[in-house]
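Accompanying notes for the structure given below.
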Amino acid sequence: MIEDVKPDKQMDGAPSDTGESEESTISTGAEELKPKPPAKLAPRGIRTFTVCRQSDESGVSGDGVIIEGVSLATGQCVIHWLYPLPAGAIAIFNGFDDFLKVHVHPHPANKTIITWEDGEQEMYGDD
């Protein structure tokens, strides 16, 4: 049977020089070393943004602010098209970069500006 081990060295292998009699214990019991199931909840947190097109080369969605969106802590991105009326449309992407690949990078003439909730802006397109 394996028991708990009490090291007399620091993690880097050097002896402890604290002068205190503090003992740390590394658990080596079978239950503590078993792989743990994943957390029951995904990471939390969102970051909101808007998408403004200075022009619309396709003539479909228009110019100005055309999308509001969120980037989730998981990396996923959800966008809400503000067109067509009355409700627009929703799209979900595995990542913000996937959204950019589909709706921003292929349209450099749109001169797209993404503005994050903290005021940070990213500009894409023709100079």
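The values are calculated or read from the model by the stated rules, or taken from the named source; none is laboratory data. In this text, all values refer to a predicted model and were calculated from it rather than measured experimentally. Counting neighbours? That spans all protein chains shown, and the Cβs are built from the backbone with ideal geometry, glycine included.
Just to verify a result, which residue in the range 78-102, among those that are in a helix (DSSP H, G or I) and farther than 17 Å from GLN121 by Cα, is farthest from the chain's Cα centre (by Cα)?
VAL102
Here is a yes/no grid of residues against (1) hydrophobic (A, V, I, L, M, F, W, C); (2) surrounded by 16 or more Cβ atoms within 10 Å (Cβ to Cβ); (3) in contact (Cβ under 8 Å) with a residue 12 or more places away in the chain:
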residue: GLY69; (1), (2), (3): no, yes, yes
residue: ALA89; (1), (2), (3): yes, no, no
residue: PHE96; (1), (2), (3): yes, yes, yes
residue: PRO106; (1), (2), (3): no, no, no
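Restricting to the range 55-73, count the residues that are touching a helix residue (DSSP H, G or I) at 6+ places or on another chain (Cβ under 7 Å) and not charged (D, E, K, R).
Qualifying residue count, the range 55-73: 2.
Scanning for something assigned to a loop (DSSP other than H, G, I, E, B), modelled with pLDDT under 95 and among the polar types (S, T, N, Q), does the range 66-77 turn up at least one residue?
Taking the range 66-77 as the starting set, the residues that turn out to be assigned to a loop (DSSP other than H, G, I, E, B) are 73-76.
Checking which are modelled with pLDDT under 95 leaves us with 73-75.
Filter again for among the polar types (S, T, N, Q), leaving 74.
There is at least one residue in the range 66-77 that is assigned to a loop (DSSP other than H, G, I, E, B), modelled with pLDDT under 95 and among the polar types (S, T, N, Q).
Can you confirm whether HIS105 is touching a Gly at 6+ places or on another chain (Cβ under 6 Å) and either at pLDDT 95 or above or assigned to a strand (DSSP E or B) (or both)?
Spelling it out, it is not the case that HIS105 is touching a Gly at 6+ places or on another chain (Cβ under 6 Å) and either at pLDDT 95 or above or assigned to a strand (DSSP E or B) (or both).
Quick one: in the range 108-127, which of the residues that are free of Cβ contacts under 8 Å to residues at least 40 places away in the same chain and part of a strand (DSSP E or B) is nearest to VAL60 (Cα to Cα)?
MET123
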